[in-house]
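What follows is a set of notes on a single structure, which appears directly below.
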Amino acid sequence: MKERLLKRGVTLFLVAVLVVAGVLASAIPAQAAAKGTTYNVTLLKGSGVVSMDSIGGGTPVPMPADFEGFTFQLVVEAKAKTEKLKTGPATYYPVTIIAKSFKGPTTRFPMIGGGGYATVVNVIQKDAKGKLYTSGGDVDVSQVAAKKMKTQIGDGTVDPAGSMVFQSLSVASVITLESTKKVVMTSPTAYTATTGKCYSIAKGSGTRVDGKALPDNDTSKTLPNPLVGQPVDLNAGTGTLAGTGATFGQKNKTFGAVDYINGFFWVMKITPASK
């Protein structure tokens, strides 16, 4: 009798362990099983970018752009890594946005002060390296935009599984005159991007942009306020990235000196790339 009870106890214990393991496994998004997988990402309705531009020292105004329909590829590496954050241990998969895969429509607009039309195309200048957390991530971003950027990643609170962050996602707008096909301006922005909360204020740049903040001063309503993304769920194919960045003292013969802070909101549809 005692032996039967002992055996039964061991069996129930093992069943309990398996059940708990199953619950934990189901709580971890599908990226944990990814084997160096490439995903196609399409930006959906609601995706956009806004730039608070001060041209030639003028009053900053929001310049919005629609990013619906842009596409790129996201690679999730095969092997998970661990690190220790201020909030404790964290596990993540390295991820990469492939620069050459970033594609979107060309926008046409009239030149400031007349002089015909120009076109703008957006490109990612180099592959962006990031982290996709299965546990322990702390990815909220707070940024003070100045001549020397001050960016803090993490607010001391652990974020959900599927949280993702890129410390440098370099996006550039390339402006070309229609009449001459001459590139008159390339405006690069090194964004910090996150699926968490993102906030940026210009302070100490010595420009007219000082005091402006995103998303607070986005009167175009391109960005939600607060600016918060959504964790990535590869099973559901969903996730939202939010990002902020800035460029000061960019000089150009056509527009003169340009200073700006930028913000974006990318609503993603994520599907495995066909082999």
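We did not get these values from a lab; they are worked out from the coordinates using the rules stated. This is a predicted model, so every value here is computed, not measured. A quick note on method: Cβ atoms are made from the backbone with ideal geometry, for glycine too, and the neighbour counts reach across all protein chains shown.
Computed on the Cα atoms alone, the convex hull of segment 33-119 gives a volume of 181 cubic angstrom per residue. V95: net charge of surrounding residues, Cβ under 10 Å, Lys/Arg +1, Asp/Glu -1, itself excluded? Once all neighbours under 10 Å are counted, the net charge is +1. A full extension of the chain between N235 and Q73 corresponds to an added length of 56.7 nm, given 0.36 nm per residue minus the alpha carbon distance. The packing ranking of peptides 82-92, 46-56, highest mean first, is 46-56, 82-92, where packing means the average number of other beta carbon atoms within 10 angstrom of each residue. Considering only alpha-carbon pairs that sit under 8 angstrom and 6 or more positions apart, the relative contact order computed for segment 34-272 is 23 percent. For G137, the amide hydrogen comes within under 5 Å of the amide hydrogens of T91, D159, counting only partners 5 or more places away or on other chains and with H modelled in the peptide plane.
Counting only Cα atoms, the size of segment 34-272 along its three principal axes is 54, 36, 26 Å, in decreasing order. The equivalent ellipsoid of segment 80-198 has semi-axes of 37, 16, 10 Å, largest first, where each one is the square root of 5 times an eigenvalue of the Cα gyration tensor. Of the peptides 223-233, 162-172, the order by per-residue mean of other Cβ atoms within 10 Å, starting with the highest, comes out as 162-172, 223-233.
Seen from a random direction on average, the alpha-carbon convex hull of segment 128-269 projects onto 9.9 square nanometres.
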